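Since the structure comes first, as structure tokens, the remarks are kept for the end.
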Amino acid sequence: MSAPDRKPEREAFDIIVVGAGFAGLAALRKVRDDLGYSVRLIEAAAGAGGVWYWNRYPGARCDVESLQYSYGFSEALSQEWCWTERYATQPEILSYVNHVVERFDLARDIRFGTRVTSTAFDGTTARWLLETDRGDRYLARHVIMATGPLSTPHIPPFPGQDEFQGETYHTGLWPHHPVAFRGKRVAIIGTGSSGVQVAPIIAEDAAHLYVMQRTAGHSVPAKNRPLRPGEQDAVKARYGELRAAWNSTPGATAWRSLPTDEVVVTGDKSALEVDDEERRETFERAWSYGGYAFHRAFNDLLIREAASQLANEFIREKIASIVKDPVTADLVTPTQYYGTKRVILDSGYYEMFNRPNVTLVDVRSDPIERLTRTGIETRNARYDVDVIVFATGYDAMTGSLTRMDIRGRGGMLLRDVWKKGPVSYLGLMVAGFPNLFIVAGPQSPSVLANVIAANEHQVGWICACVKYLDTRGIETIEATPEAQAAWVQHVNEVAAATIYTKGDSWYVGANIEGKARAFLPYIGFPRYVAKCEDVVGKGYEGFALGPQAARG
Ligand code: NA7
């Protein structure tokens, strides 16, 4: 599917938004409809949806409950949309996105199938010039980068990639047509969320499935199910109140959508302060309920190493009780601390290993050396396959921005500034890049929160900021180096007090060869909201506000 041909445009706007995922669409609607600014949104894909546009692999599902994973800006929208399952599938989320685009008439201001190639700030005019691969040249007073935290697919540079004669797919670049696995020999590389979601579905059809695992992740059952009659109505009856309550909980995500559900975990105790029996019962209740109830079973699973290990022990026993082959069970049992890698919600992943047509290949002890004409060669073995599925993840949080040519004051390149790891103030702005706002960027809560709620908060903050500048005739806003340094230090200090930094993951950039190790998201929604409000209350403390000038 490709966007229709069109003539290159040369236009000036108040605001240019880059990216038509949840963040970019929220930004477009708000700056246009609530603030009345002129705006253009530029999107590389042929349609809206961001990750939900690209991740069409079978089994793709959100790990936030459907009743929570939606926009809060319109009560009418909240009321009219109906979800069907506890965790929405990719097609359902994409339908929701397309409904939003249509309902709020967003497409007329979006240029699909257009990739921004360069973005440069002109200090003399205080304008950003954006150029695209369609030959467009846009001028903007402000730019909102909504390019996504998990939008730059990564395929490890295995030698021999071009030699393989079979089909290859990356989960994050899945084709629009159905992919047939029936009767085929398939290898899937990667066992993060994407691999764990897609593998059991491929296994149903494939002649044989080789699951190539380098690190066993932590996966807990999603316990997905159709929404029960009345369940959705109960939420809709008090959506506004519930959203406010969810947004005030850590990560803006409640472990249950319905406050009327049985309270299976309270999360008010340490895993270390209870006896073995109480701990086991609590873990068991959370495991049976499914989803991130397990995360919230105790208040220190992601903070104390000893608590995290107790979660590991419980999961080890669960895996041993599900996976019949003890060698495989042992291999798929995680050894790193619970929570260092993003915890996965699965539907039948461990059960899949009991199928005769599924083999776990431990590519930690026997690494992949190359692709060949007929398959994959590890150091000690050869796997001839018809299809290779790369579930190898993303250049997370920074990739979409560092791959773009973004030049701030004096031609300074963002990718150079971020060479040793990203720096920002509030994850929203970078010193030397005036009027360039980032949504869901590094050092913002984004992926460690209900990302739609976090996006809406940041979009609201940015809009209020632009309005503030305009009512005072201020042309530019820019993070000060001092405030930026303090924010980076704060982000790192908070992370260092948790489990997150104790292992290798995309949270720390460890999945990309040569990427600087740095903790990428900010742990602390809703504390983040309070901080952002405080900054505004103090007259945009930590930001340098540019000269007051007549608008050109
Ligand atoms: P992830 O979570 O980054 O998973 C990628 C997987 O690919 C992971 O198991 C990696 O193993 C594996 N991988 C990467 N490179 C290699 C090589 N060279 N050899 C073998 N295996 C490799 O990406 P996902 O798409 O699953 O999920 C991303 C996020 O999307 C997820 O966290 C949710 O937030 C939604 P490793 O663990 O690095 O050893």
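The values are calculated or read from the model by the stated rules, or taken from the named source; none is laboratory data. Because the structure is a prediction, the values reported are computed rather than measured. Cβ: placed from backbone, ideal geometry, glycine included. Neighbour counts: every protein chain shown. Ligands, DNA and RNA are stripped out before the accessible areas are found, and what is left, the full protein with its side chains, is counted by its heavy atoms. Shrake-Rupley method; radii C 1.70, N 1.55, O 1.52, S 1.80 Å.
Each of Val343, Pro356, Pro367 was placed along the dipole of segment 315-370 (beta-carbon charges, centred on the mean Cα), and the one lying farthest toward the positive end is Val343. Cβ under 14 Å from Val265's Cβ, Val265 left aside: what net charge do those residues give with Lys, Arg +1 and Asp, Glu -1? Residues near Val265 contribute 0 overall. Applying 1/(1 + (r/R0)^6) with r as the Cβ-Cβ distance of Asn98 and Glu277 and R0 = 45 angstrom yields a FRET efficiency of 0.35.
In the distance distribution for segment 211-364, Cα-Cα pairs more than 28 Å apart total 27 percent. Between Asp233 and Arg115, the simple spin-label model (points 7 angstrom out along Cα→Cβ) gives 4.9 nm. With all pairs of separate Cα atoms included, segment 320-457 yields a Kirkwood hydrodynamic radius of 19.2 Å. For Asp405, the residues whose amide H sits under 5 Å from its own are Thr119, ignoring neighbours fewer than 5 places away on the same chain, with H placed 1.01 Å from N.
If the only charges are +1 at each Lys and Arg Cβ and -1 at each Asp and Glu Cβ, what is the size of the charge dipole of segment 459-529 around the Cα centre, to the nearest 20 debye? Intermediate results must be reported in sequence, preceding the final value.
On the way: 6 positive and 7 negative charges, 45 e Å.
In total the dipole reaches around 220 debye.
Distance from the alpha carbon centroid of segment 108-136 to that of segment 295-358 works out to 46 angstrom. Reducing segment 486-552 and segment 390-462 to their Cα centroids gives an inter-centroid distance of 9 Å.
Counting every Cα pair in segment 80-120, what percent are over 16 Å apart? Walk me through the numbers on the way to the answer.
Working: 437 of 820 pairs.
That fraction is 53 percent.
Using only side-chain charges placed at the Cβ, +1 for Lys and Arg and -1 for Asp and Glu, the dipole size of the chain relative to its Cα centre rounds to 1060 debye.
For segment 258-306, list log₁₀ I(q)/I(0) at each q in 0.19 Å⁻¹, using the Debye formula over Cα point scatterers of equal strength and ignoring solvent, two decimals each. The computed values of log10 I(q)/I(0) come out as -0.56. Taking every C-alpha pair closer than 8 Å and separated by at least 6 residues, the mean separation divided by the residue count of segment 100-240 gives a relative contact order of 12 percent. Remark: accessible surface ordering of Asp346, Asp275 (largest first) is Asp275, Asp346, probe radius 1.4 Å. Relative to the 2.2 N^0.38 Å rule of thumb, the chain has a C-alpha radius of gyration ratio of 0.97. Shape class for segment 95-216, computed from the alpha carbon gyration tensor (a ≥ b ≥ c): prolate, with a/c not under 1.5 and a/b above b/c. Sort segment 176-292 into rounded, prolate or oblate with this rule: let a ≥ b ≥ c be the square roots of the eigenvalues of the Cα gyration tensor; rounded if a/c is under 1.5, and if a/c is not under 1.5, prolate when a/b is larger than b/c, oblate otherwise. Taking the square roots of the gyration eigenvalues as a ≥ b ≥ c, segment 176-292 is oblate. Note on Glu482/Ser270: beta-carbon distance plugged into 1/(1 + (r/R0)^6) with R0 of 35 Å gives a FRET efficiency of 0.40.
With Cα atoms as the point set, segment 476-539 shows a radius of gyration and Dmax of 14.0, 42 Å. Which is the longest part of the chain that has none of the GluC sites (Glu not before Pro) sitting in a DSSP loop with at most 10 other Cβ atoms within 10 Å? So the longest stretch without any such site is 1-261.
Over the chain, calculate the relative contact order: mean separation of alpha carbon pairs under 8 Å at least 6 apart, over the residue count, as a percent. It rounds to 19 percent for the chain. For segment 1-103, the pair-distance distribution built from all alpha carbon pairs, in bins 5 Å wide starting at 0, is 2, 11, 20, 22, 19, 13, 7, 4, 1, 0 percent. Over the chain, dividing the summed -39,500 (n - 2.57) contributions of all DSSP H runs of at least 4 residues by the number of residues returns a 222 nm mean residue ellipticity of -8500 deg cm²/dmol. If you take the square roots of the eigenvalues of the alpha-carbon gyration tensor of segment 429-475 and sort them as a ≥ b ≥ c, do you get rounded (a/c under 1.5), prolate (a/b over b/c) or oblate? It comes out oblate by the Cα gyration axes.
Listed by chain and number, the lysines whose alpha-carbon sits under 30 Å from that of Lys7, ignoring those within fewer than 8 places in the same chain, are Lys30.
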